[in-house]
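Structure, as structure tokens:
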């Protein structure tokens, strides 16, 4: 049974990490130790599965589930999106509590969604607005995992993985820019560096820790969970993913706040209200690795 569980977890890990590029070694705490064969850095991966309830978990783990011999079993679907997102959030919370016992850092969390709630309910570009509620964002902020990958289905059967921390980081910056454009015209002429400084303070007031910044080649950047973001003159975000490697030595912890005094608790409350009526629509997720 333990062997079957580990083989199943390996198949989940391989949806994101290819054996060609990574050396994947089973472990216990965390579930896997992974080494990038080219860059030689190592990191851990923890794997968990989301089921709507224990009954679904038992049924889906029946040997040969899905064959004609198991056609009489009944799977219960999540009744609504709030129940589904609550379940995903609870899986993150449970794994966050165990993270402090692990010696290896960084560690990524992979959540395998066995229910695929979004596959047949809404369009792919609507997933963000339904998935990223306040509770999920709160757990993303509190989490010590480098990244949290949700593997699920969208667009009626298309399997993708969603990097929750990256999406949170970039979506909040886009929301902040949209909010400032509409509600604070006095800030329209601020520089790219000034906007990112406001962004850094905005994240800090939300509780984000370990935010870093650097100015490399005259380009100001802020970094969260090894994702560095800079802003181009045409208001397009440029993202650099350092994966599980160390950030360049130029990056240092954020120890400053924006000179713009409006960034306070009232500002945070205003943008939260704004986000309730203003949505971000984009095709979320990256295609998983498939074996030919």
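So the values come out like this:
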| quantity | calculated |
| --- | --- |
| Matching residues in segment 172-230 - criterion: being crowded, with 16+ Cβ neighbours inside 10 Å, assigned to a loop (DSSP other than H, G, I, E, B) and in contact with a helix residue (DSSP H, G or I) (Cβ under 7 Å, 6 or more places away or on another chain) | 208, 211, 225 |
| Some residue of segment 139-160 being assigned to a strand (DSSP E or B) and surrounded by fewer than 16 Cβ atoms within 10 Å (Cβ to Cβ) | yes |
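FYI, it's all coordinate maths here, none of it is from the lab. None of these values were measured; they are calculated from a predicted model. Because the Cβ atoms are built from the backbone with ideal geometry, glycine has one as well, and the counts that use them run over all protein chains shown.
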